[in-house]
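These notes are about the structure you will find just below.
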Amino acid sequence: LDRINKWRNDPNLIACLGAPFRYINEDVDHEWYEKYLHARNNSVRCAIVDDKHEEVVLGLISLLDINSINRSGVISIMIGDNENRGKGIGTFAVNEMIKHAFYNLNLRRIELGVLENNLPAIRLYEKTGFVREGVKRESNYKNGKYVSMIIMATLREDYERMPSLRSENNE
């Protein structure tokens, strides 16, 4: 939680995310974690760790607002330290969460919102099967200006048609 709290108080990291920047003290993050433990029926939060050093947390990935009737959820990811971005960690984590959502939780739709100026994240989402569905124009106030939020989603059948997934299942 200490590392997560550090990230959530990093203005450069938060500038890439949809949430507004605000100082979050450690007590708030401990309460946030306790609330999650009591709401696990409609959310999945996972730490992204180094496979050689599992005590080293690289980021967080979450599947939130899981709706069992609509069989849908909302995905979000945060790679904490700048030196860990652009190395495929996010792609791996998003793919694993998608597989968990579709094949273990029996969801059929996963959606997300991403800032229009977060081009690395948009490329990651497109690479993992998400398609643009719409734009919430100038919906987020970031660093003194309004930025649009791109709405993206993937359906299970879209994901299963991806060439990279087909080659992975054939090996």
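For a quick check of your reading of the model, give me the residue pairs whose first member lies in the stretch 80-97 and is among the basic types (Lys, Arg), whose second is surrounded by 15 or more Cβ atoms within 10 Å (Cβ to Cβ) and at pLDDT below 90, with beta-carbon atoms closer than 7 Å and at least 6 apart or on different chains.
The qualifying pairs are Arg85/Ile79.
Of these, Tyr141, Tyr146, Tyr125, which one is more than 28 Å from Leu1 (Cα to Cα) and either in contact with a His (Cβ under 7 Å, 6 or more places away or on another chain) or hydroxyl-bearing (Ser, Thr, Tyr) (or both)?
Being more than 28 Å from Leu1 (Cα to Cα) and either in contact with a His (Cβ under 7 Å, 6 or more places away or on another chain) or hydroxyl-bearing (Ser, Thr, Tyr) (or both) holds for just one of Tyr141, Tyr146, Tyr125, which is Tyr146.
Could you tell me whether the stretch 29-45 includes any residue that is surrounded by 12 or more Cβ atoms within 10 Å (Cβ to Cβ) and in contact (Cβ under 8 Å) with a residue 40 or more places away in the chain?
Yes; the residues of the stretch 29-45 include at least one that is surrounded by 12 or more Cβ atoms within 10 Å (Cβ to Cβ) and in contact (Cβ under 8 Å) with a residue 40 or more places away in the chain.
His100 fails exactly one of the following numbered conditions: (1) modelled with pLDDT of 95 or more; (2) open to solvent by 10 Å² or more (accessible area, probe 1.4 Å); (3) within 22 Å of Val135 (Cβ to Cβ). What is the number of that condition?
Going through the list (1) modelled with pLDDT of 95 or more; (2) open to solvent by 10 Å² or more (accessible area, probe 1.4 Å); (3) within 22 Å of Val135 (Cβ to Cβ), His100 breaks only (3).
In the stretch 98-138, how many are among the hydrophobic types (A, V, I, L, M, F, W, C), under 13 Å from the mean Cα position of the chain (by Cα) and part of a helix (DSSP H, G or I)?
Selection size over the stretch 98-138: 5.
Name the pairs whose Cβ atoms lie under 7 Å apart, with the first residue in the stretch 110-126 and touching a residue at least 12 places away in the same chain (Cβ under 8 Å), the second polar (S, T, N, Q) and part of a helix (DSSP H, G or I), and 6 or more positions between them or separate chains?
Leu124/Thr91
Of all residues in the stretch 76-111, how many are closer than 25 Å to Asn12 by Cα and aromatic (Phe, Trp, Tyr)?
1
I'm trying to understand the selection: among the residues of the stretch 46-76, which are surrounded by fewer than 17 Cβ atoms within 10 Å (Cβ to Cβ) and under 14 Å from the mean Cα position of the chain (by Cα)?
Cys46, Ala47, Leu64, Asp65
Can we say Leu105 is open to solvent by 10 Å² or more (accessible area, probe 1.4 Å) and touching a residue at least 24 places away in the same chain (Cβ under 8 Å)?
It is true that Leu105 is open to solvent by 10 Å² or more (accessible area, probe 1.4 Å) and touching a residue at least 24 places away in the same chain (Cβ under 8 Å).
Checking Ile89 against (1) in contact with a helix residue (DSSP H, G or I) (Cβ under 9 Å, 6 or more places away or on another chain); (2) open to solvent by less than 40 Å² (accessible area, probe 1.4 Å); (3) over 20 Å from Tyr36 (Cα atoms), which single condition isn't satisfied?
The one condition Ile89 does not meet is (1).
The values are calculated or read from the model by the stated rules, or taken from the named source; none is laboratory data. No experiment lies behind these values; they were computed from the predicted model shown. Cβ coordinates were reconstructed from backbone atoms using ideal geometry, including for glycine residues, and neighbour counts include every protein chain displayed. When the accessible area is computed, the model is the full protein with side chains, heavy atoms only, and any ligands, DNA or RNA have been set aside. Shrake-Rupley method; radii C 1.70, N 1.55, O 1.52, S 1.80 Å.
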